[in-house]
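Here's the structure we're looking at; comments come further down.
The values are calculated or read from the model by the stated rules, or taken from the named source; none is laboratory data. If you're wondering where the values come from, they're calculated on a predicted model, not measured in any experiment. Cβ placement follows ideal geometry from the backbone for every residue including glycine, while neighbour counts extend to all protein chains displayed. Ligands, DNA and RNA are excluded from the accessible area calculation, which covers all protein heavy atoms including side chains. Shrake-Rupley method; radii C 1.70, N 1.55, O 1.52, S 1.80 Å.
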Amino acid sequence: MAVPRNALRKWEKVRDWALGLPGAVEERPWGETVAKVDRKVFVFLGVDDGSHPLGVTVKLTDETAHAHALVCPGAEPAGYGLGKAGWVHVPLEPPGAPAAELLCDWVEESYRTVATKRRAAELDGRPSQRATH
């Protein structure tokens, strides 16, 4: 299955944004790409080899962001019981899927939810990089 170019570009922007956050590292447990901060996953990026539709899974504890994410085409609470803790899987391929900028906002919220206060303060102390994603 070929990966749609637009979805792949979004995925790459989201991945780059996530890995640019303070202390973020990329790992591949369970055969999929994740971004972690201090050994805690803050975004599941799935696989980009075309074997599954592209999507991201983020932890959204803000009620408005969580509700917004769930109304995106194909979005659903994450599996394995993670949905109960606020994790939402958002596909990148369907028409009407969120733009990369919004996805990056959600990744940042997810990061802030799992990161230490020190990491969040480090992020707050950086010059804004919003224009780059």
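A100 meets the conditions (1) surrounded by fewer than 18 Cβ atoms within 10 Å (Cβ to Cβ); (2) under 19 Å from V3 (Cα atoms); (3) hydrophobic (A, V, I, L, M, F, W, C) in every case but one. The failed one is (1). Considering (1) hydroxyl-bearing (S, T, Y); (2) free of Cβ contacts under 8 Å to residues at least 24 places away in the same chain; (3) in contact with a helix residue (DSSP H, G or I) (Cβ under 8 Å, 6 or more places away or on another chain); (4) under 13 Å from W106 (Cα atoms), the lone condition that T33 does not fulfil carries the number (4). V41 meets the conditions (1) free of Cβ contacts under 8 Å to residues at least 40 places away in the same chain; (2) over 20 Å from A97 (Cα atoms); (3) open to solvent by less than 50 Å² (accessible area, probe 1.4 Å); (4) of a type in the set (V, I, T) in every case but one. The failed one is (1). A single entry from V71, V90, V25 fulfils the requirement of being hydrophobic (A, V, I, L, M, F, W, C) and closer than 19 Å to R9 by Cβ: V90. In region 87-104, the residues that are under 16 Å from P77 (Cβ atoms) form Cβ pairs under 6 Å with partners that are crowded, with 17+ Cβ neighbours inside 10 Å and among the hydroxyl-bearing types (S, T, Y), at six or more places apart or across chains, as follows: W87/T57; H89/T57. I'd like to know if region 113-120 contains one or more residues that are within 23 Å of R5 (Cα to Cα), hydrophobic (A, V, I, L, M, F, W, C) and without any contact (Cβ under 8 Å) to a residue 12 or more places away in the chain. The answer is no, given that none of the residues of region 113-120 is within 23 Å of R5 (Cα to Cα), hydrophobic (A, V, I, L, M, F, W, C) and without any contact (Cβ under 8 Å) to a residue 12 or more places away in the chain.
With respect to L60, determine if the residue is open to solvent by 50 Å² or more (accessible area, probe 1.4 Å) and either modelled with pLDDT under 95 or within 23 Å of A121 (Cβ to Cβ) (or both). So L60 fails the test.
Residues of region 116-127 that are within 15 Å of L19 (Cα to Cα) and either in contact with a helix residue (DSSP H, G or I) (Cβ under 9 Å, 6 or more places away or on another chain) or assigned to a helix (DSSP H, G or I) (or both): R119, A120, E122, L123. Every condition in (1) outside any helix (DSSP H, G or I); (2) hydroxyl-bearing (S, T, Y); (3) under 20 Å from A24 (Cβ atoms) holds for T113 except the one numbered (1). Within region 45-68, the set of residues being closer than 19 Å to R9 by Cα, among the small types (G, A, S) and either without any contact (Cβ under 8 Å) to a residue 40 or more places away in the chain or touching a Gly at 6+ places or on another chain (Cβ under 6 Å) (or both) comprises G46, G55.
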